[in-house]
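S.K.: Next up is a structure, given as structure tokens.
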Amino acid sequence: MTFPLEFNFSSNLKIRKSSEFKEAFDKGKKLYTEHYTLICAPNSLGFPRLGLVIGKRCGNAVKRNRIKRVLREVFRRNKSFFDSLDILIVGKKSDKTLGYSTAKEEIIEAIRAV
């Protein structure tokens, strides 16, 4: 599926309800990377959606918010790789904060394995 040059991240691209998170956790396939666990579940909406789970183990609020900003940016710029999937990204405990390019490589490589 290709997307026009829309690089927005509107509210319909976000997984927000706990029932949607639970459904993705139950039906999704887990992919493990060094810094993240990705849970990919197909949806019938025709566009990808993103949900983030970044717990206190990932660091203080400043670090967690940076991780979330980087992951949203990876998703926003690379929507075409995610087809029609619900993607949950669960952060693992890490001693360093990753940059955009490292996070992109990890996530895109894991998604290609699906």
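S.K.: Restricting the search to the stretch 34-58, which residues are more than 15 Å from residue 99 (Cα to Cα) and out of contact with any strand residue (DSSP E or B) (no Cβ under 8 Å at 6 or more places or on another chain)?
M.R.: Applying the first criterion (more than 15 Å from residue 99 (Cα to Cα)) to the stretch 34-58 yields 37-57.
Across the stretch 34-58, the qualifying residues are 44, 45, 46, 47, 56.
S.K.: Which members of the stretch 80-97 meet the condition of being surrounded by fewer than 19 Cβ atoms within 10 Å (Cβ to Cβ) and either without any contact (Cβ under 8 Å) to a residue 24 or more places away in the chain or among the acidic types (Asp, Glu) (or both)?
M.R.: 83, 95, 96
S.K.: Please work out which one of (1) without any contact (Cβ under 8 Å) to a residue 60 or more places away in the chain; (2) closer than 19 Å to residue 9 by Cα is the condition residue 30 fails and give its number.
M.R.: (2)
S.K.: Could you run through the stretch 80-99 and say how many residues are out of contact with any Pro (no Cβ under 8 Å at 6 or more places or on another chain) and either among the small types (Gly, Ala, Ser) or not in a strand (DSSP E or B) (or both)?
M.R.: The qualifying residues number 11.
Residues are listed down the side, and each one gets a yes or a no for (1) modelled with pLDDT of 90 or more; (2) surrounded by fewer than 19 Cβ atoms within 10 Å (Cβ to Cβ):
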| position | (1), (2) |
| --- | --- |
| 39 | yes, no |
| 44 | no, yes |
| 47 | no, yes |
| 53 | yes, yes |
| 59 | no, no |
| 67 | yes, no |
| 71 | yes, no |
| 78 | no, yes |
| 99 | no, yes |
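The values are calculated or read from the model by the stated rules, or taken from the named source; none is laboratory data. What you see is a predicted model, and the numbers here were worked out from it, not measured in a lab. All Cβ positions, even for glycine, are placed from backbone atoms using ideal geometry, and neighbour counts span all protein chains on display.
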